[in-house]
Every structure is written in C-alpha cells, then in structure tokens.
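The values are calculated or read from the model by the stated rules, or taken from the named source; none is laboratory data. All values derive from a computational prediction rather than experimental measurement. Virtual Cβ from ideal backbone geometry, glycine too; neighbours counted across all protein chains shown. Accessible surface is based on the protein model in full, side chains and every heavy atom, while ligands, DNA and RNA are left aside. Shrake-Rupley method; radii C 1.70, N 1.55, O 1.52, S 1.80 Å.
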Amino acid sequence: MLHNNRMNYVASGLQFAKFLYKDALKSKEIVDLTGQWLKRLDNVNGHRFSVLFNAFTEKKMGPQIQETIKPYVYDVHSDSGGLQMISRGLAVTPEIKKEIYETQGRYSDVAMSFDEIPVYTLVQKSELKDASNKVFDRSRLEPCAKATARNITEQIQSFLDNKSSTRPLAIIQGNCLETAMIWSDILFKEIPQNMHEVIGGIAIGSPALGVGELEEVKKAFWFTQIPFDIKEKHLHMLGVGAMKRFVPTLVFVKSGLFKDTLVSYDSTTHTSMNIYGRYYYGKKPGRQYQIVYNREYTPAYDEVYEDIVSLLPELTQWCKNGYEFFTLMNAKPKEYTKTNPSRIPLIMSTVAHAISCIYNFTKHVEDALHDDEILYEMVDEEVTEPKSKIKYIDKTKRNVYNELGKVKTLEDYKYWESHLGRFLNSKPSRNGHTTLDDFFE
C-alpha cells in the first residue's frame, strides 16, 4: 500500500533527444505534437513529469522551454551551473551568480542552489566520479554550510526582488548523519526565518559521503531525520537513471517512511540513450530492461519501433517500420539534408525514442512499488562459482532490503546498519582533516 506519495521524473539533457531543435520550433504543428507527446508522460505511472535546463550552459533554453514545453509539463527545473564553472576553471563571481539567479527566476519553477562542498578531490577531471579519490574535510563543514546558506539567501532575495515564485532546492552535505544534521542546522539558522517557506525541497549530496549501495540507503534515511523547516516535504534525488540506485527510496515509499513526501529525481540517462544505441524497454521478463542495438539493422529495431508506436502512433507519419526507424536513428544530420528537404523525421524519431524510454522507466518504477518481485530483482546479483564456474543468481540482498522496509525509527536504522548494512556494496568518500598540500609532502 502506498501512502500519499507523489513521484516526479525530471528530464535533463534535452539536447541529446533533439528537443528544441530550430527546425522543429519553426513549425507550430510540430511544437504542438511534441507537447502532446510530453503530456503523455505527466500524471501517468504514478508520476508527474518535469524538465530541467542548466541556467549557465543552457541559458538560451529558458525562454524556449517556457514557450514550447512549460504548458505541457508539471514543473521546469534549472541547475545553477556551479559544477560546470568549476570544471572549466571559472570563478563563481557575484555577477555570474546574479545572472544565474535572474535566469532561474524568469524561466524555472524549481532551482538548484550553489552549494559549497567540504571535499578535496585528488585526481584529474576524468576520475572525479571515483569516491575513493574524494576526501571529506570536517574542518570545512561549518564554513561551507554557512557559505551555502548565504548563497541560498541571495538566491531567494533575487527571486523576491523580481517577484518570481521560483523555489530553490537546499542541498545537504555530510559524511555521516551527525555531520549532515550539523550542516542542516547551520543552514536553516543562517537563512532568515521568513525565507524558509520559499525553499522548495531538500537534496542530499554525494561528494562528502560516497556513491555505493549503502551510501544510497544512508542518503534516503537521512532525509527522514533532518528537521528542515520548509513548506513542503520534498526530496529531490540528483542524477538517478538506474533502478538499482532507486531501490532504497522505493523501499521507504512502500513502507510509509516517506509518507506525504514528493520524491523527484532528475536524469539524463533516458534522453541520451539513443547516442549509445540503447532503449529502455521495461517489458522483458526477468532482469532484462534494456534493448541494446548496434549501428547495423537488426530485428531489435523492429521491437523498439513497435513499442514506441504503441505509445506515440503519430510517429508513423515519418517512418512506417523498424527499418525506416533504424535509418533515421543512425542518419547524420548534414548527410541527411543532402537528400531530404527536412530534418523533421530525424528529429521526431529521436524525440519519440526519448519519450518512450522515459515512459517505460516510470512504468517500471510504478510496477516496482506494487510488486516486490520486480523491486527486489534489481538487487539480485549474478555470481559465478569459483570452482565449477556455474553461474547462479544470488538473492541475499533481498532480505537486506526487506528488513530495511521495517525501519521506522533512528534506533531501528542503527540496528539495521550494524547488522545488515555490511552486505551492501559501499564506496565511501575518504574521511580526513587534511589539506591538499598534505598529499604532496
């Protein structure tokens, strides 16, 4: 039984799926049809549907989204672009922040804030996702929390000055529940009380904690313990495109621990699947939820095409079968326009592919919330017996997550973590009080 929960899928990476291409924006008929397709994702499969753009790198998308997409979706989210600025070696100046806040306030309903992260990274950019190369610095916790609070206060003030109803998301950082609680306490003490009701939700950051299975459980449980003072119980999850990462949250939704909570999550995974020759199917038996197809025609294209058309039959006006779909999905735009008067068939095939992937994923989430077998098969693992080389499915983790569903209090959780948490994969960030110079002595 579900307990008054709402789910909200937030699609990012719109450019990968060819949304907002100039050729399509020129045609009111195509814009309207795209809107109708997007509407088929909202209020279905127990989900609302929203979109996200980056207020720094995708600033021009803001007005385009407001004009052509906003009427058909639940919310428009905007990222701050802080990570992109850091990766490009740019200073996050007050002037840049002001411009970002104004863009967010004009064109989005929910906005990511600039958070200061109490972590040192010891590697090159290509290795930034490796949690073992991140070091949590406890001495920076309070200063970073205060700096983040100042950023959110400035962001909210900008929204108020411009009479915008945009709601910022507050990101909580920490290496353990204690430090996350300290961060939260500082954050809400530093942000003026009269601004608390403007905050739209909470997100739990990963850099200071880590990215393993156990860390996903911790983040989900922390949300239930943080005494945040905001108008709506809203947990936003950053970058969730795989069901396995989502399991702890769904366990708590099913158990009622997230009662009356809006759970939103953003993902670029499904809008970009076309690039990697993948399609999120969600209807195959057992553990197979993706179709992988190569750049040569195979029957997989027929299967993908038929599934898309079952949701979006209007696609048939541009391609009549799996082979034509294969041709469009693999065509290079410049080469395609040499022999075709319009790129609309190519664009709409890619848009349809993304919309159908998203629909199938939210359907998979909804099915998992109602069927334990679908939920827990996500945590089963294929194991090869060392001596015999026989492969089998290890279902040990099912019991671990099933017991997690019985957690109601902090004491319950502590008991679960000490007795069962060790059975889950853990990839924690390093915990230290170091400075970067210490590693080069």
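Taken over the range 77-121, the criterion of being over 21 Å from the mean Cα position of the chain (by Cα) and of a type in the set (D, E, K, R) is satisfied by Arg88, Glu95, Lys97, Lys98, Glu99, Glu102, Arg106.
Every residue, every condition in (1) within 24 Å of Asp266 (Cα to Cα); (2) of a type in the set (A, V, I, L, M, F, W, C); (3) at pLDDT 95 or above, yes or no:
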| site | (1), (2), (3) |
| --- | --- |
| Gln124 | no, no, no |
| Lys146 | no, no, yes |
| Phe159 | yes, yes, yes |
| Thr166 | yes, no, yes |
| Glu178 | no, no, yes |
| Asn194 | no, no, no |
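Among the conditions (1) open to solvent by 50 Å² or more (accessible area, probe 1.4 Å); (2) out of contact with any strand residue (DSSP E or B) (no Cβ under 7 Å at 6 or more places or on another chain); (3) not in a helix (DSSP H, G or I), the only one that Tyr74 does not satisfy is (2). Answer yes or no: is there a residue in the range 277-294 that is farther than 30 Å from Gly201 by Cα, open to solvent by 50 Å² or more (accessible area, probe 1.4 Å), among the hydroxyl-bearing types (Ser, Thr, Tyr) and modelled with pLDDT of 90 or more. No, that holds for no residue. Do we have Ser206 as open to solvent by 20 Å² or more (accessible area, probe 1.4 Å) and within 22 Å of the chain's Cα centre (by Cα) here? Yes. Scanning the range 154-180 for residues that are open to solvent by 30 Å² or more (accessible area, probe 1.4 Å), more than 18 Å from Val119 (Cβ to Cβ) and not in a loop (DSSP other than H, G, I, E, B) yields Glu154, Gln157, Leu160, Asp161, Arg167.
For (1) in contact with a helix residue (DSSP H, G or I) (Cβ under 8 Å, 6 or more places away or on another chain); (2) among the charged types (D, E, K, R), each residue gets a yes or a no:
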{"site": "Ser342", "(1), (2)": "yes, no"}
{"site": "Thr350", "(1), (2)": "yes, no"}
{"site": "Asn360", "(1), (2)": "yes, no"}
{"site": "His370", "(1), (2)": "no, no"}
{"site": "Leu375", "(1), (2)": "yes, no"}
{"site": "Met378", "(1), (2)": "yes, no"}
{"site": "Val400", "(1), (2)": "yes, no"}
{"site": "Glu411", "(1), (2)": "no, yes"}
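Screening the range 320-370 for helices (runs of 4 or more DSSP H) wholly inside it with 3 or more residues that are β-branched (Val, Ile, Thr) and closer than 17 Å to Tyr280 by Cβ returns the ranges 344-370.
Taken together, the residues in the range 360-412 that are closer than 30 Å to Arg48 by Cα, among the polar types (S, T, N, Q) and open to solvent by 70 Å² or more (accessible area, probe 1.4 Å) amount to 0.
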